[in-house]
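Engineer: Have a look at this one before I ask anything.
The values are calculated or read from the model by the stated rules, or taken from the named source; none is laboratory data. What you see is a predicted model; the values in this text were computed from it and never measured. A quick note on method: Cβ atoms are made from the backbone with ideal geometry, for glycine too, and the neighbour counts reach across all protein chains shown. Accessible surface is based on the protein model in full, side chains and every heavy atom, while ligands, DNA and RNA are left aside. Shrake-Rupley method; radii C 1.70, N 1.55, O 1.52, S 1.80 Å.
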Amino acid sequence: MSHATPQLDILSLVIHGDVDDAHPALDGTALAPAIHTASTYSARTSGEFAAMANEPRHPRYYARYGNPTQARCERLIARLENAESALLCASGMGAMSTSLLSLVKAGDHIVAQTAHYMGTAQLLTDLLPGMGVEVTLVDQRDASAFCEAARPNTRLMVVETPSNPTLALTGLAAVARFARERGILTLADNTFASPINQRPRDFGIDLVLHSATKYLGGHSDLMAGVVCGDAGIIEKIWKRSIMLGTNVSPFTAFLLLRGLRTLPLRVARQNENALALARFLEEHPAIARVHYPELESHPQHALFKRQMRHGGGVLSVEFKGDAQTGYETAKRFAASLKLARHAVSLGGVETLVVHAASMWEASLSPENMQKAGISPALVRIAAGLENVDDLRADMTAALAAAG
Ligand SMILES: *Cc1c(COP(=O)(O)O)cnc(C)c1O
């Protein structure tokens, strides 16, 4: 991949960073990208066809292998994450499962966190151990725990920062430095931060993964995932993706590219709204704790300043009260909001809230809920782009109703 545009500011990069500098004419003169719906592409000669079939990641061979719409979108995301290459998948979980299944085999060992996105946690504690991969989970707030858990057969360290739902941080530079010394690969799920707030590769992390369903897409209208890194390793993951069939649809790649044009603008507003809500809720007498890394009260605020530009769009709050009363108040608060919508996911234009305990109580034991950091009184808030005064008014009314 050519890097004729690395000096561009992010505001310009999202507008121009998808053009192939080596072959600008291929993308044509149409300002909007074409949606290449073809499942297959013809060649003029059998020699040309053989070349297409044998060139890894050829964008005009067979659509499961890639297509020009997808390639444009991947070029831009790779540049946003300071990586040579990116691979789009059908969902964040598609990117995570394809990456993990490409990087480890039976007999290998992974060090990961106790707090991971639920689907990732299930891959690490269910699917992979069943296939003979050993996994050790450590407290992400202690970077030395990753080092202490390493073994001679450790191949991969997986981190996710900030993590869901308590916005705990992992020290990217410390984990990357240790892993590099031992030849262990590192993969960071950067979904919550987005490349606007944090670029893990700047701290030495090898692979950066996103659920593009969230901030990168940004409109709650698509599902996609992406993994970024050096070209050689992304090609290795791509080889697995064509076996597993985790490829993205060309329509989705188009929609994602459209969403990416406004990523810096959207995330800047989400950062502002989340910080304002965090400060407002921290002062409210019904709230015991606000989890948000940009608040001075966050226990890892010093680490936040070293590795993040802003705190991101997600915060969580814990209501006062014991397990029973805190639970009831949190549930009433979430149900009383009128503007903020009650839904999972994050990163869209609309503010979303979830009462984590009532969502998970059917599938998680109280012990596992506690391990995942889900207090009964916790509500997660993913800030959207609304006027913050309207959001504050909505929350004030819901706080009064939850009383
Ligand atoms: C949503 C999410 C995922 C999974 O992504 P999907 O697009 O839903 O498959 C992975 N990691 C994090 C941090 C997420 O928020």
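Engineer: If we scan region 141-158, do we find a residue that is within 14 Å of the ligand (Cβ to nearest atom) and closer than 29 Å to residue 278 by Cα?
Structural biologist: So far as region 141-158 goes, yes, one or more of its residues are within 14 Å of the ligand (Cβ to nearest atom) and closer than 29 Å to residue 278 by Cα.
Engineer: Let me ask you something else. So residue 209 passes all but one of these: (1) open to solvent by 10 Å² or more (accessible area, probe 1.4 Å); (2) within 13 Å of the ligand (Cβ to nearest atom). Which condition number does it fail?
Structural biologist: The one condition residue 209 does not meet is (1).
Engineer: Picking from 281, 277, 303, which residue would you name as being assigned to a helix (DSSP H, G or I) and either open to solvent by 10 Å² or more (accessible area, probe 1.4 Å) or of a type in the set (Phe, Trp, Tyr) (or both)?
Structural biologist: Answer to the selection: 303.
Engineer: Here are the criteria: (1) of a type in the set (A, V, I, L, M, F, W, C); (2) open to solvent by less than 20 Å² (accessible area, probe 1.4 Å); (3) within 16 Å of the ligand (Cβ to nearest atom). Tell me which single one residue 184 does not satisfy.
Structural biologist: (3)
Engineer: Another one. Against the definition (open to solvent by less than 10 Å² (accessible area, probe 1.4 Å) and either modelled with pLDDT of 95 or more or assigned to a loop (DSSP other than H, G, I, E, B) (or both)), how does residue 166 come out, yes or no?
Structural biologist: When the stated conditions are applied, residue 166 does not pass them.
Engineer: Please specify each residue of region 376-398 satisfying the condition of being small (Gly, Ala, Ser) and open to solvent by less than 30 Å² (accessible area, probe 1.4 Å).
Structural biologist: 377, 382, 383, 384, 398
Engineer: Quick one: would you say residue 57 is buried (at least 21 other Cβ atoms within 10 Å of the Cβ), under 23 Å from residue 206 (Cα atoms), in the same structural domain as residue 15 (by TED's automatic domain parsing) and not β-branched (Val, Ile, Thr)?
Structural biologist: Spelling it out, it is not the case that residue 57 is buried (at least 21 other Cβ atoms within 10 Å of the Cβ), under 23 Å from residue 206 (Cα atoms), in the same structural domain as residue 15 (by TED's automatic domain parsing) and not β-branched (Val, Ile, Thr).
Engineer: Does any residue in region 163-177 that is away from the ligand (no atom under 14 Å from the Cβ) come within less than 6 Å, Cβ to Cβ, of a residue that is of a type in the set (S, T, N, Q) and in a loop (DSSP other than H, G, I, E, B) six or more places away or on a different chain, and which pairs are these?
Structural biologist: none
Engineer: Being in a loop (DSSP other than H, G, I, E, B), within 22 Å of residue 312 (Cβ to Cβ) and either among the charged types (D, E, K, R) or modelled with pLDDT under 95 (or both) is the filter here; which residues of region 356-394 pass it?
Structural biologist: 372, 373, 374, 375, 386, listed by residue number.
Engineer: So which residues in region 68-97 are under 15 Å from residue 209 (Cβ atoms), more than 11 Å from the ligand (Cβ to nearest atom) and either under 15 Å from the mean Cα position of the chain (by Cα) or among the acidic types (Asp, Glu) (or both)?
Structural biologist: Result: 74, 77, 78, 80, 81, 86, 87, 88.
Engineer: Here is a further query. Right, residue 353: open to solvent by less than 30 Å² (accessible area, probe 1.4 Å), without any contact (Cβ under 8 Å) to a residue 60 or more places away in the chain and either outside any loop (DSSP other than H, G, I, E, B) or of a type in the set (Ser, Thr, Tyr) (or both) or not?
Structural biologist: Criteria met by residue 353.
Engineer: Given the structure, is residue 24 closer than 21 Å to residue 256 by Cα, of a type outside the set (Phe, Trp, Tyr), touching a Gly at 6+ places or on another chain (Cβ under 7 Å) and without any contact (Cβ under 8 Å) to a residue 60 or more places away in the chain?
Structural biologist: no
Engineer: Continuing with the same structure: Across region 212-221, which residue is nearest to the ligand (Cβ to nearest atom) among those that are within 17 Å of residue 350 (Cβ to Cβ) and not aromatic (Phe, Trp, Tyr)?
Structural biologist: Among those that are within 17 Å of residue 350 (Cβ to Cβ) and not aromatic (Phe, Trp, Tyr), it is 213.
Engineer: For region 222-233, which residues satisfy the criterion of being more than 10 Å from the ligand (Cβ to nearest atom), of a type outside the set (Val, Ile, Thr) and open to solvent by 10 Å² or more (accessible area, probe 1.4 Å)?
Structural biologist: 230, 231, 232
Rundown of residues vs (1) of a type in the set (Lys, Arg); (2) in a helix (DSSP H, G or I); (3) outside the structural domain of residue 33 (by TED's automatic domain parsing); (4) open to solvent by 10 Å² or more (accessible area, probe 1.4 Å), yes/no style:
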| residue | (1), (2), (3), (4) |
| --- | --- |
| 201 | yes, yes, no, yes |
| 215 | no, no, no, no |
| 220 | no, no, no, yes |
| 235 | no, yes, no, yes |
| 238 | no, yes, no, yes |
| 254 | no, yes, no, yes |
| 293 | no, no, yes, no |
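This table checks each residue for (1) of a type outside the set (A, V, I, L, M); (2) outside the structural domain of residue 169 (by TED's automatic domain parsing); (3) surrounded by 22 or more Cβ atoms within 10 Å (Cβ to Cβ).
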site	(1), (2), (3)
81	yes, no, yes
97	yes, no, yes
111	no, no, yes
114	yes, no, no
141	yes, no, no
144	yes, no, no
153	yes, no, no
158	no, no, yes
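Engineer: Among all residue pairs at least 6 apart or on different chains, which show Cβ distances below 6 Å where the first residue, located in region 112-132, is in contact (Cβ under 8 Å) with a residue 60 or more places away in the chain and under 18 Å from residue 375 (Cα atoms) and the second is open to solvent by less than 60 Å² (accessible area, probe 1.4 Å) and acidic (Asp, Glu)?
Structural biologist: From residues that are in contact (Cβ under 8 Å) with a residue 60 or more places away in the chain and under 18 Å from residue 375 (Cα atoms), the pairs are 116/160.
Engineer: Next question, about the same structure. If you go through region 313-336 one residue at a time, do you hit one that is more than 15 Å from the ligand (Cβ to nearest atom), under 26 Å from residue 194 (Cβ atoms) and open to solvent by 60 Å² or more (accessible area, probe 1.4 Å)?
Structural biologist: So far as region 313-336 goes, no, none of its residues is more than 15 Å from the ligand (Cβ to nearest atom), under 26 Å from residue 194 (Cβ atoms) and open to solvent by 60 Å² or more (accessible area, probe 1.4 Å).
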